[in-house]
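Undergrad: Quick one: the structure is below, and I'll ask about it shortly.
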């Protein structure tokens, strides 16, 4: 059976589908290296524009917790494909649902939060608001103690007060997104805070966390999900410094050597 080929890549299998594009696991025909290929579904100007916008946004992004853009190609049939680095691993939503139904331990949630804060700090410094921070968009690599934030289909570059809200995931949306207001860095802070409340086994509706979660850590995440964006922490650097101090106080160390097992 002949493998489907797009440019210099063989398509191995579909690994996801969003509102306007499908993603595939692909293999470079010469280098035999894995890549993630994202191709627009509908041959419309609108979907093409969305894919081009996402690729343009990622062109200058280079960070150890963010995917890298490898190429952007014309597929020859009216569609286009964005080639990104392939990130192996399970997303945080699946890990929580399949491996840690009662909640992930606070110490592990701390290092995951720290990795995500590093990615957000980099994005915000470059004028990018992710706008869809949720557990489904976080791929966890336990051995490396790293978390990759993926899917930039709803991201915006240097939004201003006239920028329209490009969309959102209802369960993890910040109030300003639901109100249709422009995305801001505090929107990503809200999404990260709510994601980690979920990871801890908390209720994302009431924002209540299990009693086993240290009170100071609960307060830390609750500040990130305040209704008023101006009442939330705005600086990922300060949040990281505070988290490091909390890790030292609560767990006696700032790096976790404990195994984090997923199926």
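Undergrad: Among bridges DSSP assigns within the chain, what percent are antiparallel (round to 5)?
TA: Rounded to the nearest five, the antiparallel share is 100 percent.
Undergrad: Can you tell me the equivalent ellipsoid semi-axes for segment 109-152? Use √(5λ) from the Cα gyration tensor, largest first, whole Å.
TA: Semi-axis lengths for segment 109-152 are 18, 12, 8 Å.
Undergrad: Compare the peptides 113-120, 160-167 by average per-residue count of other Cβ atoms within 10 angstrom and give them in order, highest first.
TA: 113-120, 160-167
Undergrad: Right, something else. If you scale each eigenvalue of the Cα gyration tensor by 5 and take the root, what three semi-axes come out for segment 163-226, rounded to whole angstrom and sorted largest first?
TA: Its equivalent ellipsoid spans semi-axes of 24, 11, 8 Å.
Undergrad: Which of the peptides 175-183, 79-87 is most tightly packed, and how do the rest follow, going by the mean number of other Cβ atoms within 10 Å of each residue?
TA: Ranking the peptides 175-183, 79-87 by packing returns 79-87, 175-183.
Undergrad: Among 54-60, 11-17, what's the highest-first ranking by average C-beta atoms within 10 angstrom per residue?
TA: Packing order, densest peptide first, comes out as 54-60, 11-17.
Undergrad: So what is the calculated 222 nm ellipticity per residue for the chain, using -39500 (n - 2.57) for each DSSP H run with n of 4 or more, over all residues, to the nearest 500 deg cm²/dmol?
TA: Helix contribution divided over all residues of the chain: -10000 deg cm²/dmol.
Undergrad: Which three lengths, in whole Å and largest first, does segment 108-263 cover when its Cα atoms are put on their principal axes?
TA: Rounded to whole Å, the extents work out to 46, 30, 30 Å.
Undergrad: Once both axes come from the Cα atoms, what is the angle between helix 236-251 and the longest principal axis of the chain, in degrees from 0 to 90, rounded to 10?
TA: Taking Cα atoms only, the helix is inclined about 50 degrees.
Undergrad: Something else now. Which residue fluctuates most in the GNM of the chain (Cα springs below 10 Å): 29, 156, 187?
TA: Per the Cα network of the chain with a 10 Å cutoff, 29 tops the list.
Undergrad: Measuring from centroid to centroid over Cα atoms, what is the spacing of segment 75-154 and segment 216-239 in Å?
TA: 20 Å
Values quoted throughout were computed directly from the atomic coordinates according to the rules given, and no laboratory measurement underlies them. Owing to the predicted nature of the structure, the values given are computational and were not obtained by experimental measurement. For neighbour counting, all protein chains shown are included, and Cβ atoms are generated from backbone atoms with ideal geometry for every residue, glycine included.
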